[in-house]
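**Q** Quick one: the structure is below, questions incoming.
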Amino acid sequence: MTKFLKSSELTSNWFEIDAKDAVVGRLASVIAMIVRGKNKTTYTPHMDDGDFVVVKNIEQAKFTGKKFKDKKYYRHTGHPGGIKEITPEKLMEKNKPGETLKLAIKRMLPGGVLGRKQLTKVKIYAGEEHPHAAQNPKILDLGKLNSKNLIRNWYGNNNSNTYKKTKN
């Protein structure tokens, strides 16, 4: 019989991820797995057994291909004809670099109360500094998980958030 944990037995750890040169979608999938608790042997689908994740340097995360300009995020205001769209490029212009990662993670979590609660465990910061040093987060290196998680051997100008592969 499957053993489920009780609420009193749940423990949460803290992880720190540096998003410098990380691919946004791959970063989001790693974070969603940790926040749901799927990296633990005690994973229970209906309970919040996930860990906290602190993401720093989010302004240096990258998109592959033309997604930085062409990808569109849609939302609806609730009024007739109220569909709104925005691109990651416009979000960066509005000084909201973490919003693209937050939207990607949100869509990988379950819809409903549990998913909204799990999304609050993600802390996203631009720059190196964050106020969660007291929790002693474990540093998680994305490049060691999979080499495709980081942009490498790519060309493009340094100010761009999109890179193209070099031809071999």
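Read-outs throughout are calculated quantities, based only on the coordinates presented, and are distinct from any laboratory measurement. This is a predicted model, so every value here is computed, not measured. For neighbour counting, all protein chains shown are included, and Cβ atoms are generated from backbone atoms with ideal geometry for every residue, glycine included.
**Q** Restrict the search to region 37-81; then list the chymotrypsin sites (Phe, Trp or Tyr not before Pro) that DSSP places in a loop and that have at most 16 other Cβ atoms within 10 Å of their Cβ.
**A** Sparse-neighbourhood loop chymotrypsin sites (Phe, Trp or Tyr not before Pro): 43.
**Q** Could you check what % of the DSSP bridge pairs in the chain are antiparallel, to the nearest 5?
**A** Roughly 35 percent of the beta bridges in the chain run antiparallel, per DSSP.
**Q** State, as an integer percentage, the relative contact order of the chain based on alpha-carbon contacts under 8 Å between residues 6 or more apart.
**A** 32
**Q** Pick out, from 137, 104, 13, the residue whose Cα sits farthest towards the positive end of the charge dipole of the chain, with +1 on the Cβ of Lys and Arg and -1 on the Cβ of Asp and Glu.
**A** Projecting each Cα onto the dipole axis, the largest value belongs to 104.
**Q** Here's a follow-up. How do 42, 100, 87, 11 rank when sorted from fewest to most other Cβ atoms within 10 Å of their own Cβ?
**A** Ascending number of Cβ neighbours within 10 Å: 11, 42, 87, 100.
**Q** Something else now. When the chain is modelled as a GNM with alpha-carbon springs shorter than 10 Å, which of 86, 58, 124 fluctuates the most?
**A** The residue that fluctuates most here is 86.
**Q** Listed highest first by mean packing, meaning other Cβ atoms within 10 Å per residue, what order do 26-34, 13-21 come in?
**A** So the order, starting with the most tightly packed, is 26-34, 13-21.
**Q** Quote the charge dipole size of the chain about the Cα centre in Debye, to the nearest 20; the model charges only the Cβ of Lys and Arg (+1) and of Asp and Glu (-1).
**A** It works out to roughly 700 debye.
**Q** So, in region 88-157, how many Lys pairs have Cα atoms under 21 Å apart, if the pair is 8 or more places apart or on different chains?
**A** For region 88-157, qualifying lysine pairs total 18.
**Q** Further question: Of the listed values (1) 11.5; (2) 12.6; (3) 13.1, identify the label whose number matches mean projected area of the Cα convex hull in nm² calculated from this model.
**A** Comparing each candidate, only (3) matches the computed number.
**Q** Ranking 35, 113 by Cβ neighbours within 10 Å, fewest first, what do you get?
**A** Neighbour counts put them in this order, fewest first: 113, 35.
**Q** Compute a Gaussian network model of the chain, connecting alpha carbons closer than 10 Å, and tell me which residue from 25, 127, 82 fluctuates the most.
**A** The residue with the greatest mean-square fluctuation here is 82.
**Q** Something else: Would you work out the relative contact order for region 16-55, in percent, from Cα pairs under 8 angstrom that are 6 or more residues apart?
**A** Reported as a whole number, the value is 47 percent.
**Q** Still on this structure, please answer the following. For the chain, what is the calculated [θ] at 222 nm in deg cm²/dmol (nearest 500), taking -39500 (n - 2.57) for each run of four or more DSSP H residues and dividing by its residue count?
**A** Rounded to the nearest 500, the figure is -6500 deg cm²/dmol.
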